[in-house]
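Step one of this worksheet: look at the structure below.
The values are calculated or read from the model by the stated rules, or taken from the named source; none is laboratory data. Since the structure is predicted, the reported quantities are computational estimates derived from the model, not experimental observations. Don't worry about glycine lacking a Cβ; one is built from the backbone with ideal geometry, like all the others, and counts go over all protein chains shown. SASA here: full protein model, heavy atoms, side chains in, ligands and nucleic acids out. Shrake-Rupley method; radii C 1.70, N 1.55, O 1.52, S 1.80 Å.
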Amino acid sequence: MAITGTLASPATAQANENKIRLTALWVFILTLISIWAPLLPVAVFLSADFFLRAFGFGKYSPLSWLSNVVVSALSLGNKPIYFAPKIFAARVGFVLALVAVAGLLLQAGTIVLATYIIFSFFAFLESFLGFCAGCYVYYLLTHIKLIKP
């Protein structure tokens, strides 16, 4: 059964890869800090920020705003990429952030640690190597027609 609807409107929407990679850097930093000091406010902040970016409210995302400031200040310019896979990846990040929140509320330290390690690994890949694992999952799911591009 296919998931109806699209992840970006229009289907050809573009995003700035420089901004996305910087946003991943902030996530990487926050998750590394959270591995050593797992605090509920940080997990809630990440959940809220991923929610904003994943569900069409990215202009209100503090991490996106910070990335915009840095892109502008450093004159990094615009490197356009297809946006729908990035939205899918942000939705996966939102789920991971919710797992971290739940783990902290339930005092399930192992779950929290595992979630933050996964989070930091994928944020590192995106930020430093430009590799978006969620994007590859997105392309796989569109190829086997589980989601509509």
request  = Go through (1) at pLDDT 95 or above; (2) over 11 Å from the mean Cα position of the chain (by Cα); (3) surrounded by 15 or more Cβ atoms within 10 Å (Cβ to Cβ) and name the single condition PRO41 misses.
outcome  = (3)
ask   = When you go through (1) out of contact with any Cys (no Cβ under 6 Å at 6 or more places or on another chain); (2) buried (at least 16 other Cβ atoms within 10 Å of the Cβ); (3) of a type outside the set (Val, Ile, Thr) one by one for PRO85, which number turns out not to apply?
value = (1)
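Checking the condition modelled with pLDDT of 95 or more, polar (S, T, N, Q) and assigned to a helix (DSSP H, G or I), which residue from SER67, SER72 passes?
The unique qualifying residue is SER67.
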ask   = Cβ-Cβ below 6 Å, separation at least six or inter-chain, first residue in segment 101-121 and closer than 19 Å to LEU25 by Cα, second part of a helix (DSSP H, G or I) and aliphatic (A, V, I, L, M): which pairs?
value = THR115/LEU96; THR115/VAL99; THR115/ALA100; TYR116/ILE35; PHE119/LEU96; SER120/LEU32
task = Search segment 52-67 for residues that are closer than 14 Å to ARG21 by Cα and pair each with any residue that is open to solvent by less than 30 Å² (accessible area, probe 1.4 Å) when their beta-carbon atoms are under 6 Å apart and the residues are at least 6 apart or on different chains.
result = ARG53/SER61; ARG53/ALA90; LEU63/THR23; LEU63/ASP49; SER64/THR23; SER64/GLY58; SER67/LEU22; SER67/THR23
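Of LEU141, LEU129, LEU46, LEU76, which residue is surrounded by 13 or more Cβ atoms within 10 Å (Cβ to Cβ) and either under 17 Å from ILE29 (Cβ atoms) or under 13 Å from the mean Cα position of the chain (by Cα) (or both)?
Details: LEU141 fails: either under 17 Å from ILE29 (Cβ atoms) or under 13 Å from the mean Cα position of the chain (by Cα) (or both); LEU129 fails: surrounded by 13 or more Cβ atoms within 10 Å (Cβ to Cβ); LEU76 fails: either under 17 Å from ILE29 (Cβ atoms) or under 13 Å from the mean Cα position of the chain (by Cα) (or both).
Only one candidate passes the filter, namely LEU46.
Taking the criterion of being outside any helix (DSSP H, G or I), modelled with pLDDT of 95 or more, open to solvent by 40 Å² or more (accessible area, probe 1.4 Å) and not basic (Lys, Arg), would at least one residue in segment 98-119 satisfy it? So that I can check it myself, show each step before the final result.
Filtering segment 98-119 for residues outside any helix (DSSP H, G or I) gives 106-108.
Now narrow it down to the ones that are modelled with pLDDT of 95 or more: 106-108.
Narrowing the set further to residues that are open to solvent by 40 Å² or more (accessible area, probe 1.4 Å) leaves 106-107.
If we keep only those that are not basic (Lys, Arg) as well, we get 106-107.
Yes - at least one qualifying residue is present in segment 98-119.
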ask   = Counting only residues that are at pLDDT 95 or above and either outside any helix (DSSP H, G or I) or hydroxyl-bearing (Ser, Thr, Tyr) (or both), which one in segment 1-33 is nearest to LEU129 (Cα to Cα)?
value = THR23
